[in-house]
Amino acid sequence: MKKAAPFFILAAGSLWGCMGILVRSLNKIGLESMEVVAVRAFVTFFCMAAGLFFIDRRAFRIHLKDLWCFLGTGVCSIVFFNYCYFRTISLTSLSTAAILLYTAPSIVMVLSAVLFKERFTLKKAAALALTFLGCVLVTGGPGTASGLSAAGILTGLGAGLGYALYSIFGRYAIMKGYSSLTITLWTFGMASVGVLPFVSLPGIGSCFTGGAGAMGTALFWIFVTTVAPYILYTAGLSHMETGVASVISSIEPVVATFVGVLLYGERISLQGGMGVVLVVGAIAMVHLIGVGRDEKKE
């Protein structure tokens, strides 16, 4: 399981990179950013709850004293992060939204060093620098990123903070012995409650009144971009350092960029291609040279 952990994280990041498809398809039928967050949270929670009721009811069990962990992953991370990220996608291109989101690895590494005593080594710093530089190049840089605005920058940075908090609160839940299924279930349960004051339920219902095709499309992309990646990421996080996992999951902006190019006609330049190479190289670095291990020799 430990050897498979990096691949779980990589798969999760790749699936998250397809999130723009879900957001834009729901935007087309009139749902605003917070309503998209709500649909995603409700569907994920109820689908998981229904499945686990028959498969493994132990996944529902948590201690009341640990509820703060799931309030952290569900409200402080999912609700806040998703709103900011979806809003950024509406204000900018998919690739610009992704690069702003990926201030998260830096935040995760700093918080992990303080909270969990994870060592911040030179190799980690190098991998982090390569990741960030690669993401900047993928977008074409701040001066050329399409649709860049002050509002887009602020919501993008907010998304980065919220995204980082999932890894932090998720680590606390793992340390308390909870499985990836339990963490994902309760995360979206808390998110479903946390998002209620900010949405109109009749408005959300419009997502499922456009016929079986619209409903099937929404359910499919919610599973692909939410249920599967969160389970995979949390499972991978159980077997590697939080900071390292955040670097590996940075494959997301690369995938998001290709989704933008292939499906929405967004362009990628030569330097964008170089950025892709740097991000992939950073991911290979943390996996192949053992950045995630306890580096006693350094």
> Around Ala256, with a cut-off of 13 angstrom between Cβ atoms, what is the net charge of the other residues, counting Lys and Arg +1 and Asp and Glu -1?
Replying inline: -1
> Given 0.36 nm per residue, what is the gain on full extension from Asn27 to Arg61 after removing their alpha carbon distance, in nm?
Replying inline: 8.7 nm
>> Under the rule of at least 5 residues apart or a separate chain, name every residue whose amide H is placed under 5 Å from the amide H of Glu118.
In response: Ala113
>> From the phi angles alone, apply the Karplus equation (6.51, -1.76, 1.60; θ = phi - 60°) to the range 156-163 and give each ³J(HN,Hα) in whole Hz, x where the residue is Gly or Pro.
In response: x, 5, x, 4, x, 5, x, 4
> Roughly what would the spin-label model give for Leu262 and Leu196, points 7 Å off Cα along C-beta, in nm?
Replying inline: 4.0
>> Running a GNM on the chain with Cα contacts under 10 Å, which residue among Tyr166, Tyr85, Tyr178 ends up with the highest mean-square fluctuation?
In response: Tyr178
>> Could you list Ile153, Ile55, Ile251 so that the one with the fewest beta carbons within 10 Å of its beta carbon is first and the one with the most is last?
In response: Ile55, Ile153, Ile251
> ³J(HN,Hα) across the range 35-46 via Karplus (A = 6.51, B = -1.76, C = 1.60, θ = phi - 60°), whole Hz, x for Gly/Pro?
Replying inline: 5, 5, 4, 5, 4, 4, 5, 4, 5, 4, 5, 5
> Using the Karplus equation 6.51 cos²θ - 1.76 cosθ + 1.60 (θ = phi - 60°), what ³J(HN,Hα) coupling, rounded to whole Hz, does each residue of the range 75-83 give in order, writing x for Gly and Pro?
Replying inline: 8, 5, 9, 4, 5, 5, 5, 5, 4
> Based on the Cβ-Cβ distance from Met175 to Leu122, what FRET efficiency comes out when R0 is 25 Å, to the nearest 0.05?
Replying inline: 0.40
> Taking a point 7 angstrom from the Cα of Ala49 along the C-beta vector, which residues in the range 220-246 have backbone N less than 20 Å away?
Replying inline: 220, 222-224, 226-228, 230-231
>> On the Cα set of the chain, report Rg and Dmax in Å, please.
In response: 18.3, 61
> Mind listing the Cα extents of the range 30-172 along all three principal axes, in Å, largest one first?
Replying inline: 51, 46, 23
>> A 22 angstrom limit on the alpha carbon distance is what I want to check against. Which of Lys2/Lys176; Lys124/Lys176; Lys3/Lys65; Lys65/Lys176; Lys65/Lys124; Lys2/Lys117 exceed it?
In response: Lys124/Lys176; Lys3/Lys65; Lys65/Lys124
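Since every read-out is calculated from the coordinates, none of them should be taken as a lab result. The structure displayed is predicted, hence computed values, not measured ones. Don't worry about glycine lacking a Cβ; one is built from the backbone with ideal geometry, like all the others, and counts go over all protein chains shown.
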